[in-house]
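A short reminder: the numbers here are calculations on the coordinates, not readings from a lab. Note that the coordinates shown come from a computational prediction; the quantities given were computed from them, not determined experimentally. Here the Cβ positions follow ideal geometry from the backbone for every residue, glycine too, while neighbour counts run over all protein chains shown.
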Protein chains: 2
Amino acid sequence: MEAVLDYLKNNRERFVRELCDYVRFPSVSAQPQHRTDLVKCAEWLVNHCRGIGLETTLYPTAGHPVVVAKTPRKAGKKKPHFMVYGHYDVQPPEPLELWKTPPFEPRIEGTSLFARGSSDNKGQNLAHLKAVEAYLKTGTELPCDLTFVIEGEEEVGSKHLAQFLQQHRKELDVESVVVSDTGMPSKKFPALTYALRGILAVEVRLDGPSRDLHSGIYGGTVDNPAMALCQLIGKLRDKNGRVAVPGFYDDVEKLSAYERKEFKRIPMSEGEYKKLMGVSKLFGEKGFTPFEQRAARPTVEINGLTSGYQGDGSKTIVPAWARAKLTFRLVPNQNPTKVRAAIFKQLKKLCPPTVRMTITAGHGGEPYIVSPTSPLAKAALKTLKEAFRREPILIREGGSIPIVTQFKKILGADTLLLGLALPDDNAHSPNEKFDLDCFEKGILMSTHLWQELPKAVSAS
Amino acid sequence: MEAVLDYLKNNRERFVRELCDYVRFPSVSAQPQHRTDLVKCAEWLVNHCRGIGLETTLYPTAGHPVVVAKTPRKAGKKKPHFMVYGHYDVQPPEPLELWKTPPFEPRIEGTSLFARGSSDNKGQNLAHLKAVEAYLKTGTELPCDLTFVIEGEEEVGSKHLAQFLQQHRKELDVESVVVSDTGMPSKKFPALTYALRGILAVEVRLDGPSRDLHSGIYGGTVDNPAMALCQLIGKLRDKNGRVAVPGFYDDVEKLSAYERKEFKRIPMSEGEYKKLMGVSKLFGEKGFTPFEQRAARPTVEINGLTSGYQGDGSKTIVPAWARAKLTFRLVPNQNPTKVRAAIFKQLKKLCPPTVRMTITAGHGGEPYIVSPTSPLAKAALKTLKEAFRREPILIREGGSIPIVTQFKKILGADTLLLGLALPDDNAHSPNEKFDLDCFEKGILMSTHLWQELPKAVSAS
C-alpha cells in the first residue's frame, strides 16, 4: 500500500490537470447541440481509462454512449466484484451571464476548481479512477475486481442505462455499487448517504388563442394562457408548503425518531443554511426542519416558466401559450407512476375549459433507502474516517440518482453513496466548483475502499 | 376636387410601393437595438413629407424623434386648423418563427399587405399623407390648415410626446385632432370610435435564493420564486373574470342602455368572434358580451412570464427569480394613478415574506370618451359614408391611445378616431397585415374630410 500512497502523493498535480481536461468538454446532455461534445468527452474518458490500464469499451446507446472500464481480471481467481458508477454528462450552464468565468474553462482559486461538471460528477468519478490507477501503475494487487460504468445521461434521467444494465447483467454480478455523486455537510463531516429522494418531471403547456393577440383590442374576451397557468400551477402547493395533489402523500413513510435525531447532528445552523441559500427567510413544509424538508420530504418545484413577451420594455399581448416545467421530488415509499397518475388527474381537474392543456411526463426516478448498518456500510464508514480523519455522519439526501434503484432491481446490488461534494459546490447553479481537498481525500478513500470492502464481503 | 380624385386614381400603385418602403424599417421602439432604425425611418418620413410639399421638421426628444409636417400656410388668411396624429414606431415582431415571411419584408397577397407596422400604424398615417399630397400636387386649395404629428414612441407609451405638445402648444391651436389608429368591424362597417380603454403596465419580479439552486438538494426549504409568482399573480383575476384588486372598479362608469344597444349592431356573431380568436370557448367578465368586454370593461392581462430554465429538456433547479409583465386596461372614469396605487397595495399585501418583490410601473394612459354626436363627429361620419359607401357605425374600442387624453388636456382638442384596421389585421401579432382597399378608401376618406370638417367648424 505504501507504493500506492506514494504514487498518489507524487502525481497529485497531474491529477488536477487531468480533471481540468475532463471538465473542458461541454457535455450537456439536455441540449441537442452538444451531442458531439458528449461523444468527444466519452472518447477522452475511454482513452484515459486505457492509459490507466483498464480494459475499456465505449457502448453506444440510443442516447449518449456508456463508458465501461474493467480492471484486468486474473484467470481462475474469483475475487469480490464491485462496480463504480459515475456520469460524464453535466447540467446546462445557463444562465451564462452569472458565471464569473466561462463554465467550461476551469479556473482554480484557493482549493476550488470552478467549472460546470467539476463537482457533479466529473471530479468525483475521476477520483475513483485515480485510486485504481495508483494500484495498477505500481503493480499493487487489488483485492477485488472493479468495473467502472460511466454514463452520459444522468442529468436527463439515465434513459438508456436500465437497458444497458439488463444487457450486461451477467458481467455485472457485483457485490455492491459505489457511487460518489452526493455530498457531505462539510470537510469535517465525511458522509455516507443511505437515502435519496426520487423525481418526477412534468411539463404543462396551456394553449389559448391561435396567435398572440393585441391585449387592448381583444383582452378580456379570451382566457389568458399565462394567467390560466399561474392559477393552475399555483394551486399545486398549499400555504403550508405541502403538495396539493389528492393522494400525493398516501405512501410517504414516516421519519423515525432515530432519523430525526441523526438529522439534528448536521453541523449547520438555520442561520448558516439561510446564508448558504441567499435568502432572509426559509419556506418549507410545516412541522419539519429544513434538513428534513430537503432530504426526507417530497416537494413540487417550478424549474422554468415561459410565456409571451420576455424582451425589453413591454408588448401588449394576450400570449398564445404558456408553459411550466415542473419537478416533483419523491421520498420512500412513493411510486413515481402512481404519483404521476395523481398529478395528471389533478391537473386535468383544475384545468379550465378555456385553454387546451398538454401534459408531458419527463424523467422519473424512484426514491431510495438502504440499511446504514450493513457490513459494507460499516466498511465504507471506516474508509471515510481513514481518508478524512474525522467521524463520518449518516445522511439522507434530497437529490435523486434514479439509477440507484435500477442497480437494486436489475443487478440486485445495494449502493454505497460516498459523496465528495460540499454544500457550496453550486451543483446545477452558476459557478459550480469542486474542492481539491475533497478530490485528494476522495482518491484516498477510494484507495482504502478496495481494501475494506472485500474484507466485509468475506466476513459476511 | 376632380383633379384630386384623378390624382389618387393615377398614383394608386406608387402609393402602395411607398407604403412598402415605409414598412421596411424595423422601427421597434421597445427594443434598444433598433434605435438607429427609428431615426432612419423618421428621416425617410421627413424626406417623404418634403417631397409632398409639406414644411417638415424632425424634432429630437429624449427618446425617438417626432416628425412634424405642415401644409404651406397662406399669409393673412386664417383657416380652420386640424392636426393629424400617427406613429411610425411598431410593436416587436417576436415570435419571429410564426411569421410566414419576414416581418420587415412586405408581401402582398390578394388585397393584403403583410408586414409589421403595415396596419399599426404606418399604412393608416400614410393614407392621410397621400390625401394631402393629392391636394398639393394638383394645386387644389385646402379649406383648412393641417399639421401632421407623427411620433416614434406610441408603442412604448408616448413617453415624450406630452412634453413636445406642451412646447408646441401655440402652433398646435387646432380645432380637432384626427387619428387613424383604431379599427372597423369589417369593410362594410366603417367606424367612428368614440371611446378607448386606458392602460397601465406593471412588471412584477420576485427574487428568491441568490442563485439558481439544485432542486433536489435544496428544494423544499426555500420558496420557489416561480411558484410564489404564480400564486401571487393568479390572485389578480377571480373566477368571474374580474380584476381582484380592492377598489379597482370604484370609478368604472356604467354602460348606458344606448351603448349596449349600439354594441349589438356589431356585425359579428359569437361564433365568428371565437373563430377570429382561434379559441373554442371564450372567457371574460360575467354579465357582459365579448364586444362589451373587450371595449368597455377593464381587464388584467399577463403579457409575458419569465423564470428559470426554458430550453430543451429539463434543468432541475429552484430558479433565483421570476417575472411577470402585466397590463391592465382601464375604462372611463378609471384613473391610472389611483388604480396603480390600488394594484401596488394589493401586490404588497399578497406578496409572501419569503421572496423579495420589485414592482415597476410602466406606461399608463387614461381611458377616453367623447360625444359621438358633435358637429365634427357628424361630419366625420359623413366622409366615412362617402368613402366606403356604407352606413358607418359608432364604436368603443379596447385598445389604448394614451396620447388622445393628452390632446384634450394640453391642446384642448377632442380627437376623431377614424380607424382603418380590420379585425384580422393581426396588430401586435405575427403576420400583421393592412388591407389595401382600406388604404385606398382611407385616402379617399381623408380627402373628403378636409372638405367637411372646416364646414362643421364654421357651422358650429
What is chain A's relative contact order, in percent, from Cα pairs under 8 angstrom and six or more apart in sequence? 25
Nearest 10 degrees, 0 to 90: helix A:436-459 Cα axis against chain A principal axis: 70
Protection proxy ranking of A:141-149, A:412-420, B:257-265 - average other beta-carbon atoms within 10 Å, highest first: A:412-420, A:141-149, B:257-265
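What's the whole-number percent of alpha carbon pairs in the stretch A:116-234 lying beyond 21 angstrom?
65
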Want the number for residue A:47 to residue A:390: 0.36 nm per residue separation, take away the alpha-carbon distance, what's left? 119.9 nm
Under the classification rounded if a/c is under 1.5, otherwise prolate if a/b is larger than b/c and oblate if not, where does the stretch B:1-89 fall, given a ≥ b ≥ c as square roots of the Cα gyration tensor eigenvalues? oblate
Treat every Asp and Glu Cβ in the protein assembly as shown as -1 and every Lys and Arg Cβ as +1, leave all other atoms uncharged, and give the resulting dipole magnitude about the Cα centre to the nearest 20 debye. 1840
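Please state, rounded to one decimal and in Å, the Kirkwood hydrodynamic radius that the stretch A:232-301 gives when every pair of distinct Cα atoms enters the mean of 1/r.
Its Kirkwood hydrodynamic radius stands at 13.5 Å.
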Diffusion coefficient in µm²/s returned for chain B by Stokes-Einstein, Kirkwood Rh over C-alpha pairs, 20 °C and 1.002 mPa s, is 91
Specify, per residue and in Å³, the volume enclosed by the convex hull of the alpha carbon atoms belonging to the stretch A:333-406. 130
The protein assembly as shown: antiparallel DSSP beta bridges as a percent of all, rounded to 5: 70
In peptide A:115-127, what is the residue-averaged number of other protein chain Cβ atoms found within 10 Å of each Cβ? 0
How about residue A:408: which lysines have a C-alpha closer than 24 Å to its C-alpha, ignoring those fewer than 8 places off in the same chain? A:70, A:78, A:79, A:122, A:159, A:170, A:254, A:338, A:378, A:382, A:455
Just to confirm the numbers: residue A:344, label point 7 angstrom along the Cα-Cβ line, distances to the other copies in nm, shortest first? 4.7
Free-standing Cys residues across chain B, given no other cysteine C-beta under 4.7 angstrom: B:20, B:41, B:49, B:144, B:351, B:438
Mean projected area, convex hull of alpha-carbon positions in the stretch A:328-460, reported to one decimal in nm², is 11.3
Taking a temperature of 37 °C and a viscosity of 0.692 mPa s, what whole-number D in µm²/s does Stokes-Einstein yield for the stretch B:420-460 with Rh from Kirkwood over alpha carbon pairs? 272
For the stretch A:78-139, convex hull volume per residue from C-alpha positions, Å³: 105
Tell me, what is the FRET efficiency for residue A:173 and residue A:250 to the nearest 0.05, using R0 = 51 angstrom and their Cβ-Cβ distance as r? 0.90
Proximal aspartates and glutamates relative to residue B:74, as straight alpha-carbon distance under 14 Å, when same-chain residues fewer than 8 apart are discounted: B:55, B:141, B:145
Bounding extents of the protein assembly as shown in its principal axis frame from Cα atoms, largest first in Å, are 114, 49, 44
Could you calculate, for the stretch B:47-175, the ratio of the Cα radius of gyration to the Kirkwood radius, expressed as Rg to Rh? 1.02
Within 10 Å of each Cβ in peptide A:103-111, how many partner chain Cβ atoms are there on average? Round it to a whole number, please. 0
